[in-house]
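The values are calculated or read from the model by the stated rules, or taken from the named source; none is laboratory data. All figures in this text were calculated on a predicted structure; none of them were measured in a lab. Backbone-built Cβ (ideal geometry, glycine too); neighbour counts: all protein chains shown.
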Amino acid sequence: MNRVIAAALAFLSLSAVSAIAAPDDHREGDRPAAHIAHPEWRQGSRIAPQDWSRGQQVDYRAHHLRAPPRGYEWRQVDGNYVLAAAATGLIASVIANGG
């Protein structure tokens with residue numbers, strides 16, 4: 001009986017170690033994205049709705065960014081900080097490799 005318990009404990013401890021070491025793919029959205037250059041994102045242009053919607057809104061204070069004008073917000077998209085009008089996608093500022 002002791003051998004069965006010892007084997008079960010050994011198996012469980014190895015399982016726990018492999019679970020800790022395994023990549024956590026389902027939490028990909030929680031981690032900052034790797035930087036992807038977007039030369040088309042510049043002041044006065046528009047960010048595509050699909051790019052804007054997959055970005056995460058960021059607290060400008062926590063990230064040491066300037067306060068957005070009314071109707072604008074900062075988002076982190078592909079490792080960049082983008083300040084754009086929430087309704088139209090008009091870009092006011094881009095900080096490359098923000099993440």
Return yes when Glu28 is out of contact with any Phe, Trp or Tyr (no Cβ under 8 Å at 6 or more places or on another chain), at pLDDT 95 or above and outside any loop (DSSP other than H, G, I, E, B) and no when it is not. no
Counting just the residues of region 40-65 that are basic (Lys, Arg) and outside any loop (DSSP other than H, G, I, E, B), which one comes out nearest to Gln76 (Cα to Cα)? Arg54
Restricting attention to region 74-88, which residues are crowded, with 16+ Cβ neighbours inside 10 Å and without any contact (Cβ under 8 Å) to a residue 40 or more places away in the chain? Trp74, Arg75, Tyr81, Leu83, Ala84, Ala85
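Take the conditions surrounded by fewer than 15 Cβ atoms within 10 Å (Cβ to Cβ), under 19 Å from the mean Cα position of the chain (by Cα) and of a type outside the set (Lys, Arg) and apply them to Gln50. Does it pass?
yes
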How about region 59-73: which of its residues are under 13 Å from Ala87 (Cα atoms) and surrounded by 13 or more Cβ atoms within 10 Å (Cβ to Cβ)? Tyr72, Glu73
